Amino acid sequence: MDPLLSNLLYDHPELYEEIYPSTEKDIPRMAERLLAEHAPRGVRTLLDLGCGTGRHVEHFTGAGIDCVGVDYQDGMIAFARSRRPGPDFRTGDMRSLRLGRTFDAITCLGWALSNLHTNDDIARSVTTFATHARRGTLLFLHVPNAIATPEGEAFQRHFTIATPAFTATAEATYTLDRRHQLLVRRRLWRVAGQPPMPDHVRFRLLFPMELERYLTDGGFEVLGMYDNTDAEDSDLSGEALYVLARFGGRAS
């Protein structure tokens with residue numbers, strides 16, 4: 001995990017769902033639709049890596065899928081367990097997680113993969129995907145798009161959290177660490193009567209062919225890559241990539 005990570009929403013997971021209300025519904029719906037389309041026998045079990053507050057796990061569980069949700073942040077898992085009792089939530093690192101079982105589908109949403117910055121860490125995570133897959137297992141990824149724009153103009157700049165207790169607003173600035181393919185986002189949160197609260201996060205940017213190579217090396221075949229939750233063909237200029245892949249067996 002990034003040692004420079006400082007994110008108000010990770011420290012206060014109860015606020016996370018206030019700031020991402022609608023897109024967090026669109027993405028699991030897209031995943032559910034594509035998984036159903038490419039799994040003729042249906043998806044009965046699912047592993048969600050980087051599950052955060054467990055909202056996606058709740059969605060898939062509501063569709064009748066037996067889910068395991070894993071996140072690196074203890075606070076996120078504690079919140080998920082308290083808010084959404086029932087599903088199997090665990091603290092774990094996607095680079096080294098080994099549950100000793102396989103799943104019909106694996107998801108990694110909310111740019112969770114992009115919190116890992118080195119090539120080795122990305123490769124280790126794909127190995128984790130493969131370790132929990134069997135032939136035919138489907139993988140759905142959601143990551144920032146390295147070719148969206150060169151300076152992050154496509155990415156969200158205005159943020160608002162509105163709760164009965166307070167309203168917080170933030171303006172985001174983005175810079176690129178080109179050598180390491182990192183998108184650096186800085187926000188300054190403002191709440192009436194409180195000192196400004198900064199947060200800072202870095203996202204690893206992966207180009208479409210680069211991401212496909214990691215997956216192919218891990219035994220996955222990319223079935224589709226999109227920049228929109230409608231899964232429509234496009235020039236991949238949107239801020240995010242949505243990738244569906246199928247596991248065919250470990251590459252020799």
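The values are calculated or read from the model by the stated rules, or taken from the named source; none is laboratory data. Note that the structure is predicted; figures quoted are calculated from it, not measured. All Cβ positions, glycine included, derive from the backbone under ideal geometry; neighbour counts span all protein chains shown. Heads up: the accessible areas ignore ligands, DNA and RNA and are worked out on the full protein's heavy atoms, side chains in. Shrake-Rupley method; radii C 1.70, N 1.55, O 1.52, S 1.80 Å.
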**Q.** Cut-off under 5 Å, modelled amide H: who pairs with GLY224 long-range
**A.** LEU244
Q) What is the packing order of peptides 68-78, 176-186, taking the mean over residues of other C-beta atoms within 10 Å and listing the highest first? A) 68-78, 176-186
(Q) With viscosity set to 1.002 mPa s at 20 °C, what whole-number translational diffusion coefficient in µm²/s follows for the chain from Stokes-Einstein and a Kirkwood radius over Cα pairs? (A) 115
Q) Which peptide among 228-234, 193-199 comes first, and what is the full order, when sorted by highest mean count of other Cβ atoms within 10 Å? A) 228-234, 193-199
Q) Each residue of region 226-241 in order: what ³J(HN,Hα) in whole Hz does its phi give by Karplus 6.51 cos²θ - 1.76 cosθ + 1.60, θ = phi - 60°, with x for Gly and Pro? A) 9, 10, 8, 7, 8, 6, 8, 5, 7, 8, 6, 9, x, 6, 10, 10
Q) Given the Cα-Cα distance of ASP88 and THR175 and 0.36 nm per residue of separation, how much length would full extension add, in nm? A) 27.6 nm
Q. Which residue, ARG90, ARG44, ARG187, has the most motion in a Gaussian network model of the chain that connects Cα atoms within less than 10 Å?
A. ARG44
Q. With r defined as the distance between the Cβ atoms of SER234 and ALA39 and R0 fixed at 35 Å, what FRET efficiency is calculated, to the nearest 0.05?
A. 0.90
Q) Could you give the accessible area per residue of region 42-130, probe 1.4 Å, as a whole number in Å²? A) 37
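Express in nm, to one decimal, how much length is gained between VAL191 and ARG213 on full extension, taking 0.36 nm for each residue of separation and deducting their alpha carbon distance.
Details: separation 22, 0.36 × 22 = 7.92 nm, distance 4.40 nm.
Computed gain between VAL191 and ARG213 is 3.5 nm.
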Q.
Please report the antiparallel percentage of DSSP beta bridges with both residues in the chain, rounded to the nearest 5.
A. 70
Q: Over the chain, calculate the relative contact order: mean separation of alpha carbon pairs under 8 Å at least 6 apart, over the residue count, as a percent.
A: 19
Q. Whole-Hz Karplus ³J(HN,Hα) for region 187-196, in order, using 6.51 cos²θ - 1.76 cosθ + 1.60 and θ = phi - 60°, x for Gly and Pro?
A. 10, 10, 7, 10, 10, 3, x, 10, x, x
(Q) Can you tell me, using C-alpha contacts under 8 Å and at least 6 residues apart, the relative contact order of region 183-252 as a whole percent? (A) 25
Q.
At 1.4 Å probe size, with the rest of the protein present, what percent of the exposed accessible area of the chain is carbon and sulfur atoms?
A. 50
